[in-house]
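Peer 1: This structure is in structure tokens; I'll ask about it shortly.
The values are calculated or read from the model by the stated rules, or taken from the named source; none is laboratory data. Fair warning: this is a prediction, and the values are worked out from it, not measured in the lab. As a convention, Cβ positions derive from the backbone with ideal geometry for all residues, glycine included, and neighbour counts pool all protein chains shown. Surface accessibility is based on the protein's heavy atoms, side chains included, excluding ligands, DNA and RNA. Shrake-Rupley method; radii C 1.70, N 1.55, O 1.52, S 1.80 Å.
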Amino acid sequence: MKVNVAQLLRAEGASAHYDLQEEFPPFQFDGDDLVFESPVHVTLKVSNSGKELLASGRIQTQLRAHCSRCLEEMSYPLDLEYEDEWVSTEKATEDQLENALLFDKEQVELDERILEQIVLSLPMKFTCKPDCKGLCSHCGTNLNLGECSCSEDDIDPRLAALAKWHPAE
Ligand SMILES: [Zn+2]
Ligand SMILES: [Zn+2]
């Protein structure tokens, strides 16, 4: 995903709008392969402040992940605000060298930055819904789909011993 800023750089104070869309490859996150279910859509307004380009806009896409509780596939829509400073490598201050998005030759390559923003926004654990019941730890049944019989059979061992001890009628 590249933005050509040649024209913008020649007009201090000017701004331009960009509407970009691109397929991103899957990436690894917390042991899961996250797949993009839709292209990454980036809408931006970029202004030339004279010293740098100031970008602000949104990143929208949808990921396919796995619920950490029930392990089912789930869609995870993303709609992020994106604010950034773009500066040409030769004009960058020390601070900008570390924090801004650097470009050469009037082309800003956005992919890495966009992916970084996406990764930073992801939750520690994905859950398909807030009240996902997860899997039974005994038989692995997905408890969102129905109850298993474990809970009935699963008598506390101390009670089981007691039950045996009582003489049958
Ligand atoms: Zn779930
Ligand atoms: Zn079970």
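Peer 1: Any idea how many residues of region 60-96 are within 16 Å of ligand 1 (Cβ to nearest atom), in contact (Cβ under 8 Å) with a residue 40 or more places away in the chain and open to solvent by 80 Å² or more (accessible area, probe 1.4 Å)?
Peer 2: Qualifying residue count, region 60-96: 3.
Peer 1: Determine whether region 60-72 contains at least one residue that is part of a strand (DSSP E or B), outside the structural domain of Cys139 (by TED's automatic domain parsing) and farther than 30 Å from Leu145 by Cβ.
Peer 2: yes
Peer 1: I would also like to ask the following. Taking only region 60-114 into account, find how many residues are at pLDDT below 95 and in contact with a helix residue (DSSP H, G or I) (Cβ under 6 Å, 6 or more places away or on another chain).
Peer 2: Summing the residues that are at pLDDT below 95 and in contact with a helix residue (DSSP H, G or I) (Cβ under 6 Å, 6 or more places away or on another chain) in region 60-114 gives 1.
Peer 1: Enumerate the pairs (first residue in region 135-150 and at positive phi; second residue anywhere and near ligand 2 (Cβ under 8 Å from one of its atoms)) with beta-carbon separation below 9 Å, excluding pairs fewer than 6 apart on the same chain, so at least 6 apart or on different chains.
Peer 2: Gly140/Cys148
Peer 1: Would you be able to tell me the number of residues in region 97-118 that are touching a residue at least 12 places away in the same chain (Cβ under 8 Å) and not in a helix (DSSP H, G or I)?
Peer 2: Let us first name the residues in region 97-118 that are touching a residue at least 12 places away in the same chain (Cβ under 8 Å), namely 99-104, 106-111, 113-115, 117-118.
Still in the running and not in a helix (DSSP H, G or I): 100-104, 106-110.
The qualifying residues number 10.
Peer 1: Shifting gears a bit: Determine whether Gly31 is within 22 Å of Pro123 (Cα to Cα), at pLDDT 95 or above and not β-branched (Val, Ile, Thr). Break it down into steps so the answer makes sense when it comes.
Peer 2: Numbers: within 22 Å of Pro123 (Cα to Cα): yes; at pLDDT 95 or above: no; not β-branched (Val, Ile, Thr): yes.
So Gly31 does not fit the description; no.
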